[in-house]
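Contents: one structure, followed by commentary.
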Amino acid sequence: KAVVSTQSGHYGRGLTMTRLCFVLVLAFFASTTKADYDDQIDELKRLILASIDAQAQLIGLVTQESIKISELRISLAGLKDQVSGIKNSTDFMEIRVGKLEETISGLQDNAGRMAASVSGVEEEVGRVKESVVEIASTITTIESDVTLENLSERMATSEADFADALERAQSKWPLGSYCILANGACPAGFTQQSAHLRAISTYAATPTYVGVGSFGSSRIGCHGACGQYPKWYADLFIVSCCK
């Protein structure tokens, strides 16, 4: 509409100038004699051509303005699209900023928990350092106390204590009722009991069939001299301690 009205205005001004030219022509004809007619005709032609050139220039300017206005409209449309894109980008950025703020808040919470954990670890390390210092002090005390003489005394005392403990352990028997093979006198708390088999019948009196031997106070042997009593060759004696 702006272009149309601009063009209409320019065309209106062009028509007014054309009318003015015609008025001038009439004025020239009214005031001119035949002698000056040719000169006036030439001047009139010049004025008409100048008017036509002015109208052509005016039309060219109007056309250029129309093109500029169209380009301006296109630019405005593109600018509008850019503004819309910027708005969408701004909305997207606001969403991203919100998520980023949530992430930062979570990281701050994690950092707080890690700081608490580090504080607990530092306290534990402090306690360990104190224990190490105490152990080092104890080792220093032991090193200062231990000499060659008192080390020998302690070793002798330890050996005596070990011998006493071993003797006490050997003198103690498990609880309950049982028998053990005797080897001489029975230990305290045990009663000696014995049994035997004599003139046992065997196939022969050779070592293959009668293995002579003793274990403690018990023994296996030949009945009399080996082979003295045919078929009745072996004796068995068992001596035990029972409680």
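A Cβ distance below 9 Å, combined with a sequence gap of six or more or placement on separate chains, defines the contacts here; from the range 197-216, residues that are among the charged types (D, E, K, R) reach residues that are open to solvent by less than 90 Å² (accessible area, probe 1.4 Å) in the pairs Arg198/His223; Arg198/Ala234; Arg198/Asp235; Arg198/Leu236; Arg198/Phe237. Taken over the range 178-210, the residue count meeting the criterion of being over 15 Å from Cys241 (Cα atoms), open to solvent by 50 Å² or more (accessible area, probe 1.4 Å), in a loop (DSSP other than H, G, I, E, B) and not polar (S, T, N, Q) is 3. Filtered by the rule that a residue be of a type in the set (D, E, K, R) and either over 28 Å from Gln192 (Cα atoms) or open to solvent by 50 Å² or more (accessible area, probe 1.4 Å) (or both), the range 220-239 gives a lone residue, Lys231.
The values are calculated or read from the model by the stated rules, or taken from the named source; none is laboratory data. What you see is a predicted model; the values in this text were computed from it and never measured. No Cβ is skipped: glycine too gets one built from the backbone with ideal geometry, and neighbour counts run over all protein chains shown. Calculation scope for accessible area: heavy atoms of the full protein, side chains included, ligands and nucleic acids excluded. Shrake-Rupley method; radii C 1.70, N 1.55, O 1.52, S 1.80 Å.
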